[in-house]
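Heads up: the structure comes next, in structure tokens.
The values are calculated or read from the model by the stated rules, or taken from the named source; none is laboratory data. All values derive from a computational prediction rather than experimental measurement. For neighbour counting, all protein chains shown are included, and Cβ atoms are generated from backbone atoms with ideal geometry for every residue, glycine included. Keep in mind that these areas ignore ligands, DNA and RNA; they rest on the heavy atoms of the full protein, side chains included. Shrake-Rupley method; radii C 1.70, N 1.55, O 1.52, S 1.80 Å.
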Amino acid sequence: MAARAYLCMVKVSARTVLTYRANFVLGLFAVFFQLLAMLYVWRLLLESGKDFGGYTWPQMKAYLLVAFVTSSLVSAYGDFRMAARIRDGLVSLDLVKPVTYQTARFAETVGRAALELAVTFAVAGSIALVTGGIPVPDLPQLLLFAVSIAAVVPLKFLVVYLSTLLCFWTQNYMGVAWARTSLVALLSGSLIPLVLLPSWLQTTAMLLPFASLTATPAAIYLGQATGGEALGLLLTQAGWVTVLWVAGRLVWRFAVRQLTVHGG
Amino acid sequence: MPAATMAVMPVIEARELTKVFRRPDKSEGLRGSLRHLVTRRYTTTSAVDHVSLSIEPGEAVAYVGPNGAGKSTTVKLLSGILVPTSGEVVVGGIVPHRDRIANARQVGVLFGQRTQLWWDLPVRESLALLRDMYGIGPADYRAQLARFDEVLELGELLPVTARKLSLGQRMRADLAAALLHRPGIVYLDEPTIGLDIAVKDRVRDFLRRLVADGTTLILTTHDLGDIEDVCRRIAIIDGGRIIYDGGLDGVKDTFARERCMHVRLTTDVDPQSVAALLPDAEVTPGGSPGEFTIRFDRFVLTAGQVIATASSLAEIDDLLIDEPAIEDVVRKVYSGELELEPAEDGVGAGVGA
Amino acid sequence: MTTTRPIATARMYRRCLGAHLRAALEYEADFWILVVASIMMQATGVIFLGAVFARIPTLAGWTLAEVVLIYSLVVIAEGVGSLCFEGTWYLPWMVNQGDLDYTLVRPYPVVLQTMSGAVGLNGVGNLLTGGLLMAWSLSRVDVDWSPLRIALAVALFLSAVLIKLSVTLASTSACFWVFGASFMLPTALHQVGELAKYPVSVYSAGIRVALTVVIPFAFVSFYPAAAVLGHGQDSWVGLLTPLVAGYCVVVAGAVFRRGLRRYESSGN
Ligand SMILES: Nc1ncnc2c1ncn2[C@@H]1O[C@H](COP(=O)(O)OP(=O)(O)O)[C@@H](O)[C@H]1O
Ligand SMILES: [Mg+2]
């Protein structure tokens, strides 16, 4: 019964994704120019012959493209709408709906993620072709990679969702979104491979859910993690999804209690 | 324009003023946008169509017409907000859209539908910013605030952030903002829209004083009461064209003839029998038995006669007389149902267009 | 008369900005969130540079201190834009909503009313980070600080900020020609401007030319920095920064004025 409601949300959201296209294209644009700068900078750096974590130029290209895909996912700005509804108190209307708020938002995210995946992979693929190709792993590894990318969707959703819930306590979502973006960029490995960071930052990143967002899919794509090690990484992703899912429900319940106490 | 009316130099002079809006003709969605890129089709609207107006210093003109008639667009053309597609406009010797800064000093503008107050600032702060922009001296500023406080009770609004004002409060503060620099020419576009009676009265009172002080006023409104209180000349616009420009009396006499009364009787009465008793009125049955709408000419029948006739048939349960709406006149004028005599007090030029 | 006019205009600008600043500062939590967030954003870029230069002495012939100067110029230009001219970004929204109506009947230039119409507190974070980075960089670079060179640096860096502001104004003014509220050009161009955080010599010839003559973002950071540092034989190009700035200001102003003539308000 409820499952059908969520499935319906997925479909509706997938269809209405075009209404968000301006924001989506914008987000893509932002990440795209960072990617462009990074591609040029890294080509120069690797041509110098110095060692950068053992990456070759084709490998680094592949890394940057994987990072491009994972940073573009779940960025279709459903969060801004949610933040605005919380700020304006409209969220109390959502409370009376017979669906779980978190699951409903996730269903919408999944609906949009399909298009995001298609577009970002198309862009990444074209860039790979134009710049002379990137290494492609064998089929089993490619399947593991697909699974890890699929896991990024709920994981990134939860990171965004949890930070958006902060709007129950603060007015300014813009600042929250920027802070989150910076934190994710740094600690997920999308800014620079984690091995190149100072060791204390590396350790911090490994202890937090962020590394599962970019470092994990990249390591699997590049074959740096295979077999048991790769499975371990996927399990870590699954673990974080579970933990954050529960955390989301708890924070939500707490926030709503506050809301009702203060009378919306 | 007859030469006789040119005795005094007009302060606002519009000649064949025309504004054509062009909107892209695109259907919804991505497909529509893409198609537009290729075909570039537009729909055009003549919001203001060869409008000529000549207004003398100190005159108060009501500018009326149905929604979408072009009233706001005319005000925007006269105030220099829009550049006309064709035609000429001169206000106080200045072409408003060419010399905006000089024009700004002589005119005050208010659009009732939107505020000019800074959304996040207290009213006092907005007014102080305007004071500095217009270079109003401290003594004059204090005098103005005192004046606004007296008629508009502005004082209580000063510390409130614009965002938190009610519609009526906002309008009062906006009036103060528009008139702070003592403009000699004032355009007010629906300054009483959505206001309750008490605030409306206060605003009207304020406008009367403004006109008494010699301000030239163009007042756009849907409310007949505003017009009767403040203006003696009325210009009616429909479909972007001026269809009447002259004395208020000319409109009012004709306009006030028809009355419309809704009656509900306690028992079911045949409409035919009502109609039979009131041969000069037009009787139409209402939504339920015992309900009627009676239209009559007030020069032929009085409301008292109609009520007496109705109550002779059965006890009257409820009664409502329609407030005559200016829009009805406008519509009638346009469809030629009403004959308007040119005004006799000589301000206007009679039926235009 | 002619000398007091610009001063009065500038004072009025400060008045408008100050009023908005006071309003914005009323939400203290917002202030801190925005400042911290913008510092974090800039910090990630610095951490990237740090990690790279830990393994390599120069990037395209530029040392860390020199690259940081380039980087800081972009950060500062963005900071000035956010803190003092944030309203520029709201122009497309205002035009679409017909919100310019009242600005057109006030005796103060419409463009200045628009630009002073908002305050971006994140600019505080940008200016802090950018200022620190520039100070650190200038204390490290190998430059002989004669009074003339200091004057040159001030002139070039101010011009650089003007260029960034003008590009923003010109790109937002394009909204007068385009229908629709979701107007993406300014933000997209801003992202292109991020390319100028690194020496443009790392890019291919095509991008370099684009950043020099098409949209002169390279004059926001790379060329003025090169001129002040006396870096390379082409460093004289940076001396053109004030000219480029003058050109950009004139073009942006003209685009805005032409656009304003097309302003159609809105039909409710
Ligand atoms: N900015 C605009 N763009 C397109 N059409 C407009 C615009 N402003 C007004 N219109 C159109 O012009 C006509 C007159 O509008 P307006 O002057 O606002 O009428 P009024 O104020 O009498 O209700 C309407 O059809 C309206 O839709
Ligand atoms: Mg109107």
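Helix A:139-165 and the long axis of chain A differ in direction by around 40°, with both axes built from C-alpha atoms. Among C:Met115, C:Met41, the sequence by solvent-accessible area, most first, with a 1.4 Å probe is C:Met41, C:Met115. For the segment C:44-50, counting C-beta atoms of other chains within 10 Å of every residue's C-beta and taking the mean gives 5. In chain A, the inverse of the mean reciprocal separation of distinct Cα atoms equals 19.5 Å; this is its Kirkwood hydrodynamic radius.
The calculated FRET efficiency for B:Ser46 paired with B:Ile193, based on their beta-carbon distance and R0 = 22 Å, is about 0.35. Annotation for C:Met184 and B:Ala143: the two label points, set 7 Å from Cα along the Cα-Cβ direction, are 5.7 nm apart.
Take peptide C:10-19, look around each residue's Cβ out to 10 angstrom, count Cβ atoms belonging to other protein chains, and average those counts.
3
For the stretch C:204-268, relative contact order (Cα pairs under 8 Å, six or more residues apart, normalised by length) works out to 20 percent.
Here's the picture: a label point sits 7 Å out from the Cα of B:Val8 along the beta-carbon direction, and within the stretch B:217-253 the residues with their amide nitrogen under 17 Å of it are B:217-219, B:230-235, B:246-248. Report, in whole Å, the centroid distance computed from the Cα atoms of the stretch C:153-202 and the stretch A:38-56. A separation of 29 Å, based on Cα centres. Enclosing the Cα atoms of the stretch A:109-264 in their convex hull gives a volume equal to 138 cubic angstrom per residue. Most tightly packed first, judged by the mean number of other beta-carbon atoms within 10 Å of their residues, the peptides B:230-243, C:215-228, A:92-105 read C:215-228, B:230-243, A:92-105.
Taking label positions 7 Å along the Cα-Cβ direction at both A:Thr203 and B:Arg209, the computed distance is 7.5 nm, reported to one decimal. Could you sort out which of A:Lys11/A:Lys156; A:Lys11/A:Lys97; B:Lys76/B:Lys164 sit more than 24 Å apart by Cα distance in this structure? The pairs that break the limit, which is 24 Å between Cα atoms, are B:Lys76/B:Lys164.
Between B:Glu291 and B:Leu265, B:Gly286, the built amide H atoms are under 5 Å apart, and every one of these is 5 or more places off in sequence or on another chain.
Between B:Cys260 and B:Ile307, the contour length at 0.36 nm per residue exceeds the Cα-Cα span by 15.7 nm.
Shielding of peptide C:56-63 by partners, expressed as the average count of other chain Cβ atoms within 10 Å per residue Cβ, is 2. Test of understanding: extend the Cα→C-beta vector of A:Ala146 to 7 Å, then name every residue of the stretch A:219-234 with backbone N under 20 Å from that spot. From the stretch A:219-234, the list is A:219-228, A:230-234. Under the combined filter of DSSP loop state and at most 15 neighbouring Cβ atoms within 10 Å, the stretch C:191-268 retains these trypsin sites (Lys or Arg not before Pro): C:Arg262.
What is the diffusion coefficient of the stretch B:10-252 in µm²/s, taking the Kirkwood radius over Cα pairs and the Stokes-Einstein relation at 10 °C with a viscosity of 1.306 mPa s? So the translational diffusion coefficient is about 83 µm²/s.
Taking packing as the residue-averaged number of other Cβ atoms within 10 angstrom, the listed peptides A:246-252, B:312-318, B:175-181, A:170-176 run from highest to lowest as B:175-181, A:170-176, A:246-252, B:312-318.
Reducing the stretch B:45-109 and the stretch B:147-224 to their Cα centroids gives an inter-centroid distance of 20 Å. Report summary: the helix-based calculation at 222 nm, which adds -39500 (n - 2.57) for every DSSP H run with n ≥ 4 and divides by the residues of the protein assembly as shown, gives -18000 deg cm²/dmol. Peptide packing for C:70-79, B:130-139 was compared via the average number of neighbouring C-beta atoms within 10 Å per residue; ordered from the highest value, the list is C:70-79, B:130-139. For the stretch C:35-75, the residues whose backbone nitrogen is under 17 Å from a point 7 Å from the Cα of C:Gln233, taken along Cα to Cβ, are C:61.
According to the Kirkwood relation over distinct C-alpha pairs, the hydrodynamic radius of the protein assembly as shown is 32.0 Å.
Taking 7 Å along the Cα-to-C-beta vector as the label spot, tell me the C:Trp32-A:Arg43 distance in nanometres, rounded to one decimal. About 4.6 nm separates the two model spin labels. Between amide H atoms placed 1.01 Å from N, distances below 5 Å from B:Tyr63 occur with B:Leu219, B:Thr220, B:Thr221, B:Ala235, all of them 5 or more places distant or on a separate chain. Each distinct pair of alpha carbons in the stretch B:258-322 adds a 1/r term; the inverse of their mean, the Kirkwood radius, is 11.4 Å.
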